[in-house]
Structures are given as C-alpha cells and as structure tokens.
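**Q** Here it is: the structure, laid out below.
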C-alpha cells in the first residue's frame, strides 16, 4: 500500500494525519501524563509522547484514537461490548501513538535528506488520491473540503503523506530487486499446491465411485456455492455452462460421475442426476432442447499469474524494506512515551 493511500484512509476518520502538528520544545522535559482513565483524563495539552523534541498531546492522541475506533465500528463493523470499551480505547490510543512516532520520524528523515516535492509528484499524488476516494464517491475537492480538519490542514497533511511516499520510494522501493529464480521458485510452490488439489480431487472421485454420497461430499468439501445444495447446479441446457463443463456433462449418463476436469476456476467433478430429452416442435408448440440436472464438486486452484506473483513478491519485499528502514531511523531517535512506558524500550 502506498503511504499516501494509508494517510488518506486515516484522515477520513481524523485519526492520523494531524500527528505531526506539535512543535518542538526546548528546555525542561514535559510532565508525564498519568495512566489513561475513563474517569480522570489528563489535561488536553498534557504531553503523552515525545519524538526528537516533537510532542504528542493527550488531546491529539485522543482525537486520533477515537477516530480509529469510530472508523472500525462504522466501516469494519467492529463490535465492542460495553464492558470492554476501556480496553478498546486503550488499544487505539496505543495505535495512535505508534502512528505519531512513524510519521514524525519519517518527516524528520525526509527533512534531513532534503526531500522536496515537484509538480509531477503532486499531480501523481492527486491521481492516486482520486483512485482511493472512488469507493466513497468523493472527489479530491471533497477530501480537502469535507475532511475532519480545515482545508489548509487537510492539504498540508496530505502533502506530508506525499513526502513520506517519496522518501520511501527513494530509500526502499527504487532499491528493490527480484530475480527470475525467485519467481520460478514461487511458481513451483503454487504448481505443487495445485497438484495436491488435483490429487485430492482424484481421491474424492474414487470415494464417489465406491459409493460415497456425492451430495454429502459436495457439502463437506466443495468450494462452489452450490455446496449448500449438495452440489446441485439445477437443470441446465446447452449454452449455460462453460464449454469444458458442458461437453463433459452432456456426455455423461444419468448417475455417472465424470473424470476430473480442470478449468480456469479449478478442478471439477460432475454427476448427472436426471436427463430430459429434447422434443420437436409441434403445431404452435416450439421445440424444447435437451436438459440435464447436474451436480458438481469444485476445488479451486491457485491462479498462476506471473505478474501477480511478481507483484506479491515485490510487495512483501517492500513491506520488509519499510520496516527495516523505519527501525534503522527509530534506533537513532530519541523517543519518550510517558503514557505507555513499555512501548519503546
């Protein structure tokens, strides 16, 4: 996931993007915040964490944490029992502190590396923003005007996301390499998985030929939605099934079980349970085509697509690269968390 995409998602809840808005403090250390309590919260301006001199106040943390919680409830349908609400709030407070640390360190590093945005960077960022907002039916103007903060803040925070994106592009994404050997090894693993699926289906066929109930097997193992109906696909005529399945099904006798059939969806086993012969036209009655009633068992296979495999390997490498890059920067930083002293020891 692009960092700007992550920031957009979080901004829509008011939960993350404001995390770099504190100003660096000089002089005496801030007073630590007491443990979070639903009955007695610290003053809004109380500092709960500090990263290289940039403070996170209780009010900022709480705004983000409750935004995360609200978004999980409304978007991801999170259900929090009343007696566990304090536990949920604590979880999201910790999440917001982690987000603050990540963004602050990334922006500090971008400043150190003198990373700036060009017009092309901003145009690309806006195009990615537009794609991200499609699911909400929002335009980029909606994002800046309807967000949880004022327009100027929304634009500034989105720009921060693009800066972080560029930082990671230069230090992680552009350094990623993938060899033909890695792709071949991944393909081999997936091919082996598919061969196991085929072997499993051959065993299922043997069970059905030996007298096991086809419907019971379909209900237990089939990946097709028809498993809820014992594998029954209903009555079909020619032209309603994909060609491979149609040819196999209409060649079967009633009660006969097909060989294992491989399609782009996976491995299929078919059984025809009834057949109605076609009838010729008679007077004003039109002809009726032959129909069969067929059941199937489906074991889906893994689609071996080299582009998707390559993308998946690159994503895994990118995620690991971002983690290593962040940990390297974090190891050189001064991070103090007064609210959760166990978080950054």
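The values are calculated or read from the model by the stated rules, or taken from the named source; none is laboratory data. What you see is a predicted model, and the numbers here were worked out from it, not measured in a lab. Glycine also receives a Cβ, built like all others from the backbone with ideal geometry; neighbour counts cover every protein chain displayed.
**Q** For region 121-129, indicate whether the set of residues that are exposed (fewer than 13 other Cβ atoms within 10 Å of the Cβ), modelled with pLDDT under 90 and within 25 Å of the chain's Cα centre (by Cα) is non-empty.
**A** Checked against the condition, which is being exposed (fewer than 13 other Cβ atoms within 10 Å of the Cβ), modelled with pLDDT under 90 and within 25 Å of the chain's Cα centre (by Cα), region 121-129 yields no hits at all.
**Q** Check whether at least one residue in region 124-144 is farther than 21 Å from residue 331 by Cα, part of a helix (DSSP H, G or I), touching a residue at least 40 places away in the same chain (Cβ under 8 Å) and in contact with a strand residue (DSSP E or B) (Cβ under 9 Å, 6 or more places away or on another chain), and report yes or no.
**A** no
**Q** Among the candidates 209, 105, which residue alone is in contact with a strand residue (DSSP E or B) (Cβ under 7 Å, 6 or more places away or on another chain) and loosely packed, with under 12 Cβ neighbours inside 10 Å?
**A** The conditions single out 209.
**Q** Now for a different question. Please specify each residue of region 254-274 satisfying the condition of being part of a loop (DSSP other than H, G, I, E, B) and touching a helix residue (DSSP H, G or I) at 6+ places or on another chain (Cβ under 7 Å).
**A** Selection gives 258, 260.
**Q** For region 275-285, what are the residues that are loosely packed, with under 10 Cβ neighbours inside 10 Å and in a loop (DSSP other than H, G, I, E, B)?
**A** 277, 280, 281, 283, 284, listed by residue number.
**Q** Do we have residue 167 as in contact with a strand residue (DSSP E or B) (Cβ under 7 Å, 6 or more places away or on another chain), buried (at least 18 other Cβ atoms within 10 Å of the Cβ), at pLDDT 95 or above and assigned by TED's automatic domain parsing to the domain that holds residue 60 here?
**A** Taking the combined requirement at face value, the residue does not satisfy it.
**Q** Another question about this same structure. From 178, 183, 204, grab the single residue that is outside the structural domain of residue 125 (by TED's automatic domain parsing), surrounded by 16 or more Cβ atoms within 10 Å (Cβ to Cβ) and over 19 Å from residue 109 (Cβ atoms).
**A** Among 178, 183, 204, only 204 is outside the structural domain of residue 125 (by TED's automatic domain parsing), surrounded by 16 or more Cβ atoms within 10 Å (Cβ to Cβ) and over 19 Å from residue 109 (Cβ atoms).
**Q** For residue 186, which of the numbered conditions (1) over 26 Å from residue 266 (Cα atoms); (2) part of a helix (DSSP H, G or I); (3) in contact with a helix residue (DSSP H, G or I) (Cβ under 8 Å, 6 or more places away or on another chain) fails to hold?
**A** Every condition holds for residue 186 apart from (1).
**Q** Pick out the one residue from 303, 311, 342 that is exposed (fewer than 14 other Cβ atoms within 10 Å of the Cβ), modelled with pLDDT under 90 and farther than 30 Å from residue 89 by Cα.
**A** 303
Matching residues to (1) over 19 Å from residue 132 (Cβ atoms); (2) assigned to a helix (DSSP H, G or I); (3) at pLDDT below 75:
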| residue | (1), (2), (3) |
| --- | --- |
| 14 | no, no, yes |
| 29 | yes, no, yes |
| 35 | yes, no, yes |
| 42 | yes, no, no |
| 49 | yes, no, no |
| 59 | yes, yes, no |
| 66 | yes, yes, no |
| 77 | yes, no, no |
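**Q** Now for a different question. Is it the case that residue 72 is exposed (fewer than 15 other Cβ atoms within 10 Å of the Cβ), in the same structural domain as residue 160 (by TED's automatic domain parsing) and assigned to a helix (DSSP H, G or I)?
**A** No.
**Q** Let me ask something additional. Looking at the structure I just gave you, is residue 293 within 30 Å of residue 196 (Cα to Cα) and assigned to a helix (DSSP H, G or I)?
**A** For residue 293, the condition - within 30 Å of residue 196 (Cα to Cα) and assigned to a helix (DSSP H, G or I) - is not met.
**Q** Taking region 248-264 as the search range and keeping residues that are under 20 Å from residue 301 (Cβ atoms) and free of Cβ contacts under 8 Å to residues at least 24 places away in the same chain, which one is nearest to the chain's Cα centre (by Cα)?
**A** Only one residue fits best here, namely 263.
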